[in-house]
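**Student:** Here's a structure for you.
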Amino acid sequence: MSTPSSDQASPQDDQLRQDVENALWQDEVLRVNLPTVAVRARGGVIQLNGYAVSRLHKERTERAVRGVTDVREVSNELRTDDDLRMAVAGALARDPRTAPFRFRVDSFRGTIHLFGNVDAPDARLAAEEVATEVTGVRGVVSRLTTPQPQVAPVLGNRL
């Protein structure tokens, strides 16, 4: 009989993980987060990774997990949309390529949505790059607009 390696969950760990996931599922408020929450169990320690809609959901998730029998400790590494929104807004404000512009930053389950006007395509690309580089961002949807090039009307030959 082999002993589980440090990377391999024991049957007890698997059962505890299932118990935690069931507890989260039983909470109708937390169900919305469940598809984006990864639960890992090792020796009674639960590690939560992924996304929560808000800080309140993050805290409620941790309380629900602590209420499960045999949970000794919780490492709550959930990122919230509030945290991501603030981190991306701060990164955009610090980057010299994007600092001159005003952006509206929204986040939903780790996907950042950028809104606003920039003066050139390079600035739009820079904003998308800055947002993508923030830890925890799963994707970026850009709704940034740039001015349309002004094209003089073409007049045909008039005879």
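**Student:** Pick from the stretch 61-88 the residues that are touching a residue at least 12 places away in the same chain (Cβ under 8 Å), under 16 Å from the mean Cα position of the chain (by Cα) and surrounded by fewer than 17 Cβ atoms within 10 Å (Cβ to Cβ): which of them is nearest to I46 (Cα to Cα)?
**Tutor:** Looking at the filtered set, the residue picked out is N76.
**Student:** So the check is Cβ under 6 Å with 6+ separation or different chains; which pairs have a first residue in the stretch 125-139 that's farther than 12 Å from L84 by Cβ and a second one that's surrounded by 14 or more Cβ atoms within 10 Å (Cβ to Cβ) and among the acidic types (D, E)?
**Tutor:** V130/D95
**Student:** Within the stretch 33-55, is there a residue that is in contact with a Leu (Cβ under 9 Å, 6 or more places away or on another chain), at pLDDT below 95, over 20 Å from D14 (Cα atoms) and part of a loop (DSSP other than H, G, I, E, B)?
**Tutor:** yes
**Student:** Here are some residues: L30, L16. Which one is closer than 21 Å to R138 by Cβ and either touching a strand residue (DSSP E or B) at 6+ places or on another chain (Cβ under 6 Å) or of a type outside the set (S, T, N, Q) (or both)?
**Tutor:** Exactly one residue qualifies, and that residue is L30.
**Student:** Continuing with the same structure: Only one of A23, A99, A89, A64 is part of a helix (DSSP H, G or I), under 30 Å from P147 (Cβ atoms) and small (G, A, S). Can you tell me which?
**Tutor:** A89
**Student:** A further question follows. All but one of (1) assigned to a loop (DSSP other than H, G, I, E, B); (2) crowded, with 17+ Cβ neighbours inside 10 Å hold for E28; state the number of the condition that does not hold.
**Tutor:** Going through (1) assigned to a loop (DSSP other than H, G, I, E, B); (2) crowded, with 17+ Cβ neighbours inside 10 Å one by one, E28 breaks only (2).
The values are calculated or read from the model by the stated rules, or taken from the named source; none is laboratory data. What you are looking at is a predicted structure, and each value in this text was computed from that prediction instead of being measured. Ideal geometry is used to build each Cβ from the backbone, glycine not excepted, and the neighbour counts take in all protein chains shown.
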